[in-house]
Amino acid sequence: MNQWLDERLHISRLNDKFLRKAFPVHHSFFLGEITLFSLIILIITGIVLALSYEPSNSLVVNSFDPGTAEKQNLIPAAYHSALKINAMPFGDMLRRVHHWTANIMVAAAVIHMMRIYFTGAFKKPREINWWIGMLLLIFTALTAVTGYILPYDNYAYNTVKVVYGIAASVPWVGSWLAQAAFAGNFPGDGIIPRIYGYHIMLLPGILLALTGAHMLIMIKQKHTQPQYAKRIAYKKIVGVPLLTQQTPIMLMLTLLFAGIVLLFSAFIPVHPVEFFGPPSTTPINNIKPDWYLLWVFGALAIIPSFEMNILGGVIGSEFVGAILLPTMVIGAMFAVPMLDRSKDNNYYAENPTNHPVRLAIGTSFMALLIILSVAGYKPDLISGNVLTTANANTVLWILVFLVPAVTYFSTIGIVRGIRSLREADERESLAHAAAADD
Amino acid sequence: MTRYRKQDPEITRRRFINAAMGTTATVGIVSLVGVLGTANPVFRLTRDKMPPVEGDILVHASASKEGEPIKISELSEQLVRAWPMGKDKEGNKLIRKGDPNNVLAIYRFPKGQIVAPTHLDATIDGEIVAYSDICTHAGCSVSDDDQQEGQMKCPCHSGQYDPKRGCIVVGGPPPRALAQLPIKQDGEGLVVGGFFLENPYPFTESEWEARKEAVKAQLA
């Protein structure tokens, strides 16, 4: 059959060009693959969910609890269909797998990005792929956020309300922007169809296109080589070919990963729509966004209230905390490859301890995001009597500056310690070798 | 000889193609922007989306008692959420919940506890006071503070308000106080005495003035 196909499609050229791509063997190189597998699982489960989901926020009678003839129990159709999906065989499981995989996809992408950053793999010639990766991260987060609005329970309703408020907080064009993005004044009659369109067509389309570009550029430029490749064969591409050696490894990883996700989904429920109930005027106590947006939420919680009027546009704490700050953070991440001034192409993954400042900036950046996420728990910290209303902001603001600074200097200190230990070891082994030679 | 040298055409082939492509791209982008404009549907002010107007009856907003008129005896230092209930064109009862930002917070405090900057003439005997329940920060429904009795806290970003002092911001990110709604007693129940005294979420001052005019014009 190979020959039959080859005569017609020249698949041997495909084989030479793509399927023999060398994959370096190192566990940290699996992180990007896990992100890709998550995307595939999300698309498959998403298709199955879309078969039973009803994208509409018109009110329908709740068939599980219809109420009385005088006072019918009306709920949004989207919420009703989420209840129905839960009642299907394995329907709840399907939703959980989709939700868990989405969380894991973001996590794997973030850790993948940390690997790239700490080993200097973003350097010339791979800047373009770092920027595409950044876009992938942003669009993954957007897809995830639109996804958890779709069940349209009270939690989702409150979330989309806040998202609408954030969009509307942009000075000058905010209210037009929010209305255009969410189909009119909140909650517009078309809000769920609109978000459904984003979630299943627009955003996944962008994600797939970016993923394709990410892969093709990676194949064209080759992976950064791990340090062992330098020792084995300097300036040569070392690794196992995609077909057939890397493929079974990937398949095994996929199965293992899918197994873990199923295990998680079986035992840990996510987003119980029945518990939250349909949209209502009663807010949900201690509502939180997903973990990867908690830092924005935390920043909003500790920024004091203010409002500035500039040429008719209102700049408030919400705009600063939820749009300006994340833009600055993302901008800094985009700028990372431009801060590197080396003219030569980088072939080998670098040992992070050889670049202490880069390492320390990275760890203190992570520390900043983590402490801002902790600030997202401000109401819980106050209710738990860890902090009081009076001192919460002060304490959290001090931590926001203190923790990253401490992380920075302790990282530098630890790296210095490691280096001096290593140098001492080298001196000692040299001395031993010299002694042995005598 | 120079007389017969080949003349350049008035426009080169390259320039012509560049200009044509530029024009196509411009027209394309402008029409795309036009199409994107349709993403924003027109807002129609229907009666169920109007803010509370004079004469509206305040009814319960909680799911179990929705639509039942609020009685003064049911009020306390615990927040009671209410919808304004007006009338449609035929004169039938109509709860104005088409705009979820119409939800109201009602409190009753012992006499003397409510102080300025609350508009005392808009309360009932300085005891019962009504505010917009929508946080001026991100538009969440504000709840009772679980730590301090008689205070309000928004569950979204923990903005805090003091309902005894005109719902001024006492903590967190909200930019301004909750808007107070003038109310009057009508037997056992509560009726709205007029528009919100300040601009409620999500209106700016000028938008709020425009909305009030639009409502007055439609009801006149």
Among the residues that make up segment A:194-206, is at least one of them modelled with pLDDT of 85 or more, part of a loop (DSSP other than H, G, I, E, B) and within 14 Å of chain B (Cβ to nearest Cβ)? no
Taking the residues in segment B:149-174 that are more than 22 Å from A:Thr281 (Cβ to Cβ) and aliphatic (A, V, I, L, M) as candidates, determine which candidate is nearest to the other protein chains (Cβ to nearest Cβ). B:Val170
Residue by residue through segment B:59-86, note down the ones that are assigned to a helix (DSSP H, G or I) and of a type in the set (A, V, I, L, M). B:Ala63, B:Ile72
Show me the helices (runs of 4 or more DSSP H) entirely contained within segment A:86-182 in which 2 or more residues are among the hydroxyl-bearing types (Ser, Thr, Tyr). A:91-118, A:127-149, A:154-168
Which of the numbered conditions does B:Asp99 fail, given that it passes all the others? Conditions: (1) in contact (Cβ under 8 Å) with a residue 40 or more places away in the chain; (2) more than 30 Å from A:Tyr164 (Cα to Cα). (2)
When segment A:288-326 is examined, which residues are found to be more than 10 Å from chain B (Cβ to nearest Cβ) and on the phi > 0 side of the Ramachandran plot? A:Leu311
Applying the selection to segment B:105-140, what residues are assigned to a strand (DSSP E or B) and not aliphatic (A, V, I, L, M)? B:Tyr107, B:Arg108, B:Tyr131, B:Ser132
Of all the residues that make up segment A:162-187, how many are facing chain B (nearest Cβ under 9 Å) and aromatic (Phe, Trp, Tyr)? 3
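Condition check ((1) surrounded by 15 or more Cβ atoms within 10 Å (Cβ to Cβ); (2) at pLDDT 85 or above; (3) among the aliphatic types (A, V, I, L, M); (4) in a helix (DSSP H, G or I)) across all residues:
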position	(1), (2), (3), (4)
A:His223	yes, yes, no, no
A:Ala229	yes, no, yes, yes
A:Lys235	no, no, no, no
A:Val238	yes, no, yes, no
A:Pro248	no, yes, no, yes
A:Thr254	yes, yes, no, yes
A:Phe257	yes, yes, no, yes
Residue in segment B:30-57 that is surrounded by the fewest Cβ atoms within 10 Å (Cβ to Cβ), counting only those that are within 30 Å of B:Gly187 (Cα to Cα) and away from every other protein chain (no Cβ under 13 Å): B:Glu54
Out of (1) within 11 Å of chain A (Cβ to nearest Cβ); (2) crowded, with 16+ Cβ neighbours inside 10 Å; (3) of a type outside the set (S, T, N, Q), what's the single condition that is false for B:Ala63? (2)
Kindly establish whether B:Ser141 is facing chain A (nearest Cβ under 10 Å), touching a Lys or Arg at 6+ places or on another chain (Cβ under 8 Å) and not aliphatic (A, V, I, L, M). yes
Being touching an Asp or Glu at 6+ places or on another chain (Cβ under 8 Å), within 30 Å of A:Lys378 (Cα to Cα) and either at pLDDT 90 or above or in a loop (DSSP other than H, G, I, E, B) (or both) is the filter here, so list the residues in segment B:169-197 that pass it. B:Pro173, B:Pro175, B:Arg176, B:Ala177, B:Leu178, B:Ala179, B:Gln180
Of the candidates A:Asn57, A:Asn15, A:Asn62, A:Asn2, the one satisfying the condition of being in contact with a Pro (Cβ under 7 Å, 6 or more places away or on another chain) and of a type outside the set (Val, Ile, Thr) is A:Asn57
Every residue from segment B:178-213 that is within 14 Å of another protein chain (Cβ to nearest Cβ), touching a residue at least 60 places away in the same chain (Cβ under 8 Å) and closer than 22 Å to B:Phe109 by Cβ: B:Leu178, B:Pro200
Conditions (1) away from chain A (no Cβ under 14 Å); (2) surrounded by 21 or more Cβ atoms within 10 Å (Cβ to Cβ); (3) of a type in the set (Gly, Ala, Ser) -> B:Ala122 fails only (2)
So how many residues does segment A:297-314 have that are touching a residue at least 60 places away in the same chain (Cβ under 8 Å) and crowded, with 19+ Cβ neighbours inside 10 Å? 5
Condition check for A:Ala360: more than 30 Å from A:Ile303 (Cβ to Cβ) and part of a helix (DSSP H, G or I): no
Filter result (exposed (fewer than 14 other Cβ atoms within 10 Å of the Cβ), more than 10 Å from chain B (Cβ to nearest Cβ) and free of Cβ contacts under 8 Å to residues at least 24 places away in the same chain) within segment A:370-405: A:Gly384, A:Val386, A:Asn391, A:Thr394, A:Ile398, A:Phe401, A:Leu402
Is it the case that B:Gly91 is more than 14 Å from every other protein chain (Cβ to nearest Cβ) and closer than 30 Å to A:Glu70 by Cβ? yes
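The values are calculated or read from the model by the stated rules, or taken from the named source; none is laboratory data. What you are looking at is a predicted structure, and each value in this text was computed from that prediction instead of being measured. Note that we place each Cβ from the backbone using ideal geometry, even for glycine, and neighbour counts take in every protein chain shown.
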